[in-house]
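The next block holds one structure in the form of structure tokens; read it before the comments.
The values are calculated or read from the model by the stated rules, or taken from the named source; none is laboratory data. Note that this is a predicted model, so its numbers are computed, not measured. Here the Cβ positions follow ideal geometry from the backbone for every residue, glycine too, while neighbour counts run over all protein chains shown.
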Amino acid sequence: MKNEWSAFLKVFAGFFIGLMLLAGGLIFWTNPHRNIPFASLDRPLMEGNQRFIYPSVARDLRFDSAVFGTSSVRFLPPGPLNEEFGGIFAILGMDAATPYEQYRLARLFHEVRLRGDLPVRTVIHGIGRSWCEATAEYDKFTGREFPEWMYDHNPWNDFLYLLNNRVLEVSGRVAAYEAGLRSNTHFDPDGFGDALPPLERYDIKAVRELIYGGEVPLPVEPVDPPVDVLPAERASWVFGAHELMPALLALSPHRTTVILMFVPFHEYFLPRPGSHEALVLDECKARIVAMAAARPNTLVVDFMRSSEINREDTNYWDPVHYGHETAEVLVRIVARAVRREGDDSANVTILHNGLVRAEIGDKLFLPPKGIGQE
């Protein structure tokens, strides 16, 4: 009996060790989060939670520019961005990202380039509602797992988190893709992921259900009489997430163009004109502009207001997410604002434009005309 038990343990141990070696070999070969030292980095991005894959994109030195924010900027197209601003953009807008998560990813992006003495050309930060919540405390994380250990500069501690169901599942997807059994990835190498349905599935009735709660568009009714508050009360409002804004702005060297973009939610999703919530949003914008004004080469554009863009239902898939054509329009408008060209006032308000001429190496970039000088 003792010999039989001993033989069983040997077989079990051999099977377990073999299984672990097989799993480890699969994980090393697929390198699903592209964070294993000495493993291939040329792997598709198959993880659904961008918090696990965007660190590898942020570390990719091919990119000298980036977009940060939530899903409200994840559909900004890299092609037009590269064309309009120069450089090569990484699209790093994470679904439901908190201000801290946005800051943490931006910090990693900048630290890697600082270590390599590489320039950062243009950075766009999408500013959404989470930056303007008038509360002293703010959520550092959402309910989605955020792997802090992937955002440091010690790749070896990542080994502690490699052997689990999540990594094995993503490794299986990568292996299936490499074997030709899957034809699509979650995200492109630059971080862009097209999560919108095909255009032929666009249903304006369904979109209006999401916006208005019914198929019939509703007017935006201003509050009458409008709410008014004393300056002392406005001054007492606390926006907890704003404590991160100076640090976020300080990440970029002065020669980097930094663009803060209040994102274009549908008009019906914005606070009603004249409401207390509208006053809070205006105060939030004013404070962010004041912080941005302390940094050179900074542009603040406001699409979070009533405009031709966000009054048109067909520009949207839901109250927050606009379509591809609208995304390209936003890129062109921001680029014109950087160059101080044309009049896009029907769609955007320029809250601050402190751009100056700057050089990286022997390449002069930023607007060639109408620019203030340091």
Taking segment 127-138 and keeping only residues that are crowded, with 24+ Cβ neighbours inside 10 Å and not in a helix (DSSP H, G or I), one is left with Ile127
Scanning segment 69-121 residue by residue, those assigned to a loop (DSSP other than H, G, I, E, B), over 24 Å from Ala136 (Cβ atoms) and touching a Ser or Thr at 6+ places or on another chain (Cβ under 6 Å) turn out to be Gly87, Asp95, Val120, Arg121
Query raised in the report: Being within 11 Å of the chain's Cα centre (by Cα) and of a type outside the set (A, V, I, L, M), is that true of even one residue in segment 107-126?
Result: yes
Going through segment 303-328 in order, the residues found to be closer than 18 Å to Leu210 by Cβ and of a type in the set (Phe, Trp, Tyr) are Tyr316, Trp317, Tyr322
For segment 150-165 the number of residues that are more than 15 Å from Tyr100 (Cα to Cα), among the aromatic types (Phe, Trp, Tyr) and surrounded by 10 or more Cβ atoms within 10 Å (Cβ to Cβ) is 2
Being surrounded by fewer than 19 Cβ atoms within 10 Å (Cβ to Cβ) and either of a type in the set (Gly, Ala, Ser) or under 24 Å from the mean Cα position of the chain (by Cα) (or both) narrows Met261, Met291 down to just Met291
Note: among Gly172, Gly191, just one is surrounded by 14 or more Cβ atoms within 10 Å (Cβ to Cβ), of a type outside the set (Lys, Arg) and in a helix (DSSP H, G or I), namely Gly172
task: With respect to Ala286, determine if the residue is over 26 Å from Arg208 (Cα atoms), touching a strand residue (DSSP E or B) at 6+ places or on another chain (Cβ under 7 Å) and surrounded by fewer than 17 Cβ atoms within 10 Å (Cβ to Cβ).
output: no
Per the filter on segment 314-330, residues surrounded by fewer than 22 Cβ atoms within 10 Å (Cβ to Cβ), hydrophobic (A, V, I, L, M, F, W, C) and not in a loop (DSSP other than H, G, I, E, B) are Ala327, Val329
In segment 264-283, anything hydrophobic (A, V, I, L, M, F, W, C) and either buried (at least 21 other Cβ atoms within 10 Å of the Cβ) or within 20 Å of Thr70 (Cα to Cα) (or both) is listed as Phe265, Phe269, Leu270, Leu281
Inset, instruction - Restrict the check to segment 254-275 and report whether at least one residue is under 21 Å from Arg104 (Cα atoms), at pLDDT below 95 and either assigned to a helix (DSSP H, G or I) or not charged (D, E, K, R) (or both). - result: yes
inquiry  = Criterion first (closer than 24 Å to Glu312 by Cα, in contact (Cβ under 8 Å) with a residue 60 or more places away in the chain, assigned to a loop (DSSP other than H, G, I, E, B) and not hydrophobic (A, V, I, L, M, F, W, C)) does Pro219 satisfy it?
reply    = no
| Can we say Arg311 is part of a loop (DSSP other than H, G, I, E, B) and basic (Lys, Arg)? | yes
Looking across segment 55-81 at residues that are more than 21 Å from Trp317 (Cβ to Cβ) and among the small types (Gly, Ala, Ser), the single one that is modelled with the lowest pLDDT is Ser56
